[in-house]
Amino acid sequence: MREKLLSILQEVRPDVDFENCGLLMDDRILDSYDIVFLIGRINEEFGVDIIVEHLVPENFNSVDAILSLIASMKS
């Protein structure tokens with residue numbers, strides 16, 4: 001699941017080292033357009049439905065945070 005997410009993130013921003021970046025939202029590495037694209041791809045690829053309540057920086061600040069969000073939605 002991690003590799004698939006990293007691949008999606010690279011589609012969004014190929015210039016970012018997502019493995020070593022822990023404040024994607026707080027440091028404004030990802031903007032609102034990136035998040036919209038990312039949510040669409042995550043919903044499609046992982047079979048989840050990210051909704052407005054999930055759109056908080058804590059859920060998108062790092063690869064691990066995004067993976068935790070996906071895992072919580074799949075269980």
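Structure data summary
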| quantity | calculated |
| --- | --- |
| Residue in region 51-67 that is touching a Cys at 6+ places or on another chain (Cβ under 9 Å), part of a helix (DSSP H, G or I) and either loosely packed, with under 15 Cβ neighbours inside 10 Å or modelled with pLDDT of 95 or more (or both) present | yes |
| Cβ pairs under 6 Å, 6+ apart, first in region 45-60 and without any contact (Cβ under 8 Å) to a residue 12 or more places away in the chain and closer than 21 Å to Glu3 by Cα, second assigned to a loop (DSSP other than H, G, I, E, B) and of a type in the set (Gly, Ala, Ser) | none |
| Region 32-50: number of residues that are assigned to a helix (DSSP H, G or I) and exposed (fewer than 14 other Cβ atoms within 10 Å of the Cβ) | 5 |
| Within region 18-31, considering residues that are hydrophobic (A, V, I, L, M, F, W, C) and in a loop (DSSP other than H, G, I, E, B), the one most open to solvent (accessible area, probe 1.4 Å) | Leu23 |
| Among residues of region 1-12, those that are assigned to a loop (DSSP other than H, G, I, E, B) and not aliphatic (A, V, I, L, M), counted | 0 |
| Unmet criterion (only one of (1) open to solvent by 30 Å² or more (accessible area, probe 1.4 Å); (2) assigned to a helix (DSSP H, G or I)) for Asp15 | (2) |
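The values are calculated or read from the model by the stated rules, or taken from the named source; none is laboratory data. This one's a predicted model, so the numbers in the text were calculated from it and none came from an experiment. Methodologically, a virtual Cβ is constructed for each residue, glycine included, from the backbone with ideal geometry; neighbour enumeration extends over all protein chains shown. Calculation scope for accessible area: heavy atoms of the full protein, side chains included, ligands and nucleic acids excluded. Shrake-Rupley method; radii C 1.70, N 1.55, O 1.52, S 1.80 Å.
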